1. Order these peptides, 69-77, 146-154, 33-41, by their mean beta-carbon neighbour count within 10 angstrom, highest first.
2. Among 22-32, 161-171, what's the highest-first ranking by average C-beta atoms within 10 angstrom per residue?
3. Using 26 Å as the Cα-Cα cut-off, could you pick out the over-long pairs in LYS59/LYS172; LYS92/LYS129; LYS92/LYS163; LYS92/LYS179?
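Rule-based calculations on the coordinates, nothing more; no lab input. If you're wondering where the values come from, they're calculated on a predicted model, not measured in any experiment. Methodologically, a virtual Cβ is constructed for each residue, glycine included, from the backbone with ideal geometry; neighbour enumeration extends over all protein chains shown.
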Amino acid sequence: MSSPREENVLPLIQGCIDQDRNSQRMLYQHFYSYAMSICMRYAPNREDALEILNDGFMKIFTKIDKRYDTSRSFAGWLRRIMINTALDYYRKQARQPHEEELQQAAAVSLDGDQLAQLQYEELVDMVQKLTPAYRTVFNLYAIDGFNHEEIAAMLHISVGTSKSNLAKARVKLQHMLEKHYNHERIRST
């Protein structure tokens, strides 16, 4: 996932600092796809991703004048806000009771050859089917590059829980991949 070009966003950023609605709309449109791709990784569906995205942009528009350093990449700042907004959303959801019990499973890593053959959208769809706890830890670790200590601090969980959720997410993804490839093999025969 590459970030959008930032050449001409400084005037839009200044407009957002000045609370110009047209600049806010144009900045939102310019970064919509990039921000949505981040939110989709954490959300269980497109509707929730849109809610996270809009909450994230509200934070951007209300904090841009005090928190954004114009000498740094705007896309990087936006990415961090979207991830943190997704984590806030996850925490809010985690406080609500979940009917689904977490299953115990051994650590299994994903097969790189199988992953290479998957379309990006198929993989995102599989990740979205994970429970919120598994999905969040998987994204933070495997995609965003955080370590277990950082994840534990962000999510207010233990390092062991972070490692366990990652292992369980990988097992679930492995099962989804196996099911996908078995289905594809049957279709091709």
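1. The packing order, highest mean first, is 33-41, 146-154, 69-77.
2. 161-171, 22-32
3. Table pairs above 26 Å Cα-Cα are LYS59/LYS172; LYS92/LYS179.
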